[in-house]
Amino acid sequence: MQQSKEERVHHVFESISEDYDKMNSVISFQQHLRWRKDTMKRMDVQPGSKALDVCCGTADWTIALAEAVGPAGEVTGLDFSENMLKVGREKVEHLGLKQVKLIHGNAMELPFPDNSFDYVTIGFGLRNVPDYLQVLKEMRRVVKMGGKVVCLETSQPTLIGYRQLFFFYFRFIMPLFGKILAKSYKEYSWLQESARDFPGMKELAQLFQQAGLKDVKYKPYSGGAAAVHIGYKR
């Protein structure tokens, strides 16, 4: 019997949680750190505010948000993989971040009231959900009026030559890294599939608008290998 996308993704992240951080750095040549730093600069997170990090994984972006909001703020990280959350909780505890709460939950149906957060983020997680638009609608629902919804995600390079090289890398090299470094060829093969099928920057901006977000802006990173999208609730 064929697994649903949700079941398959859950299995992947439960399996690779211990090696996820190491593999992220290898796969992106540590560029994901630079991308997130620039995204945080664009977000201009204010001290004392409330943020939600959807599909938080091992909580790296959650921690960055917690440092930005400071002790007076609140940050919630949500993920549906308990194994990923376990790694994240160890990091949060080690750093002594009392303003962080990590919870088990589904991005398709966020367990929060409307208008709860100043910022709602999703980093390299949107491509793994069953319905991109539904998750964006949920993110818009729980963000406060005037608040920001932010997605940092792999994208679709458009430059001829670089695009082919990008997909060759994702299809053949990345799963090989997974096999050698994390003994997880099959799982990393799935991650390249999800990146290959994900919408390009303009298409994702349109989905943001369909979800009801306004003043949507986006910026490509590393020639379109990734992109940040920011939309507002008006």
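Please tell me which of these pairs span more than 31 angstrom C-alpha to C-alpha: Lys86/Lys202; Lys98/Lys214; Lys91/Lys202; Lys5/Lys98; Lys50/Lys219?
Numbers: Lys86/Lys202 35 Å; Lys98/Lys214 33 Å; Lys91/Lys202 35 Å; Lys5/Lys98 34 Å; Lys50/Lys219 24 Å.
As for pairs spanning more than 31 Å Cα to Cα, those are Lys86/Lys202; Lys98/Lys214; Lys91/Lys202; Lys5/Lys98.
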Residue separation times 0.36 nm, minus the C-alpha to C-alpha distance between Asp215 and Ile103: what's the value? 37.3 nm
Inter-site label distance for Phe168 and Arg34 at 7 Å from Cα along Cβ, in nm: 2.2 nm
In nm, to one decimal, how far is the modelled label at Arg8 from the one at Glu67, with both set 7 Å along Cα→Cβ? 3.6 nm
Please list, by residue number, everything in the stretch 196-234 whose backbone N is under 16 Å from a paramagnetic label point 7 Å out along Cα→Cβ of Thr158. 199-207, 217-229
Cα→Cβ-extended label distance, 7 Å offset, between Arg42 and Glu90, nm: 3.3 nm
The stretch 124-170, accessible area per residue, ligands and nucleic acids excluded (1.4 Å, Å²): 41 Å²
Expected unfolding gain across Glu82-Gln134 under the 0.36 nm per residue rule, minus the alpha-carbon gap, is 16.5 nm
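The values are calculated or read from the model by the stated rules, or taken from the named source; none is laboratory data. Computed from a predicted model, the values in this text were never measured in an experiment. Every residue, glycine as well, gets a Cβ built from its backbone with ideal geometry; the counts of neighbours run over all protein chains shown. To get the accessible areas, we keep the full protein, side chains included, count just its heavy atoms, and leave off ligands, DNA and RNA. Shrake-Rupley method; radii C 1.70, N 1.55, O 1.52, S 1.80 Å.
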